[in-house]
Amino acid sequence: MEEKIRSVIVEDEKNSKEVLMALLEKYCPNVEIIGTADNVESAIKEIDEKQPELVFLDIAMPDGDGFEVLEKVEHKLFEIIFTTAYDQYALKAFEFSALHYLLKPINFKDLQEAVARYKKVESEIEFDEKVQVLQHNLSNQQTKIILPSLEGLNIIDIDNIVRCESDNNYTIFHLLNKTRIVVSRSLNNFEKLLTDKNFARIHSRHLVNMKYIKKYVKGRGGYVVMEDGSHADVATSRVKDFMMRLKTVAKSMGTS
């Protein structure tokens, strides 16, 4: 028999709370609701007393927000699935922060996926730093990304990433200081996140920071020379789009 995931729901809207509980009962029977709360004060009390493994946490509450709950609870050995009505732009802040979220109104498939992702999380990774990065990215322009690797949690300035390289279901991040970080997620995941951060997918294996391209060497598809001295091939099918992006970057830098 599958072990139950002891969970607390923090939600101030009665209807939203009832919908979430009904969806969990029907589609995620392995999640056991051991408590609920509808404001910051009751959430802190409920989490500290019940000590859940998972908390479904609404960000906006009448007497504060979810971040205040996370700052004040003494019991911190749990994972969070945020429930939020944020727009699509703000949702990227959650992705950059390696945090789970559910967009209201909650879809049962998204709920199942979020619970499944929770079960894969390395329990030794605490959430304090992830939440700090989330708050930073929500208040600024999403300048940091959290990369979980075998060695632990890496908080990286996006501007320090030279390129990302696919290695089957892993992605290798090459940084300005020549260090490498291996993350067990495919390059496709990061392409969706980083494309509007001046990154371009130039090959099935390569996602590069356009800012750090030193030279483009023509050939059948050609290749680029990066700031760190590394080379990355450009796929023939991507040359046209890549050249358009390159011209746009050149114009923005005031060069011809």
Item to complete: Can you work out which of the residues in the range 98-146 that are hydroxyl-bearing (Ser, Thr, Tyr) and farther than 25 Å from residue 196 by Cα is modelled with the highest pLDDT?
Response: 118
Worksheet item: So residue 155 clears everything in (1) in contact with a strand residue (DSSP E or B) (Cβ under 8 Å, 6 or more places away or on another chain); (2) assigned by TED's automatic domain parsing to the domain that holds residue 230; (3) modelled with pLDDT of 90 or more; (4) not polar (S, T, N, Q) except one condition, right? Which one?
Response: (3)
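Got at least one residue in the range 164-177 being at positive phi and not aliphatic (A, V, I, L, M)?
Keep residues of the range 164-177 that are at positive phi, which gives 168.
Subset that is not aliphatic (A, V, I, L, M): 168.
Scanning the range 164-177, I find at least one residue that is at positive phi and not aliphatic (A, V, I, L, M), so the answer is yes.
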Discussion item. Residue pairs, Cβ under 8 Å, 6 or more apart or interchain, first in the range 148-176 and without any contact (Cβ under 8 Å) to a residue 12 or more places away in the chain, second loosely packed, with under 14 Cβ neighbours inside 10 Å and assigned to a strand (DSSP E or B). List them.
Written reply: 172/180
Fill in: All positions within the range 47-79 that are within 17 Å of the chain's Cα centre (by Cα), under 17 Å from residue 33 (Cα atoms) and surrounded by fewer than 21 Cβ atoms within 10 Å (Cβ to Cβ)
none
Worksheet item: Inside the range 175-225, counting only strands (runs of 3 or more DSSP E) that do not spill past its ends, which hold 1 or more residues that are more than 22 Å from residue 152 (Cα to Cα), among the charged types (D, E, K, R) and modelled with pLDDT under 95?
Response: 213-217
Fill in: Single match in 32, 79, 113 (criterion: touching a helix residue (DSSP H, G or I) at 6+ places or on another chain (Cβ under 7 Å) and of a type in the set (D, E, K, R))
79
Worksheet, complete the sentence: If we ask which residues in the range 19-46 are within 23 Å of residue 117 (Cα to Cα), charged (D, E, K, R) and surrounded by 13 or more Cβ atoms within 10 Å (Cβ to Cβ), their number turns out to be 1
Worksheet item: What are the pairs, 6+ residues apart or on separate chains, where a residue within the range 88-113 that is more than 17 Å from residue 136 (Cα to Cα) and outside the structural domain of residue 157 (by TED's automatic domain parsing) has its Cβ under 9 Å from a residue that is part of a loop (DSSP other than H, G, I, E, B) and of a type in the set (Phe, Trp, Tyr)?
Response: 103/86
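One line per residue, one yes/no per condition, for (1) surrounded by 12 or more Cβ atoms within 10 Å (Cβ to Cβ); (2) in contact (Cβ under 8 Å) with a residue 40 or more places away in the chain; (3) among the charged types (D, E, K, R); (4) not assigned by TED's automatic domain parsing to the domain that holds residue 97:
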| residue | (1), (2), (3), (4) |
| --- | --- |
| 203 | yes, no, no, yes |
| 208 | yes, yes, no, yes |
| 218 | no, no, yes, yes |
| 222 | yes, no, no, yes |
| 238 | yes, no, yes, yes |
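The values are calculated or read from the model by the stated rules, or taken from the named source; none is laboratory data. What you see is a predicted model; the values in this text were computed from it and never measured. FYI the Cβ positions are ideal-geometry reconstructions off the backbone, even for glycines, and counts take in every protein chain you see.
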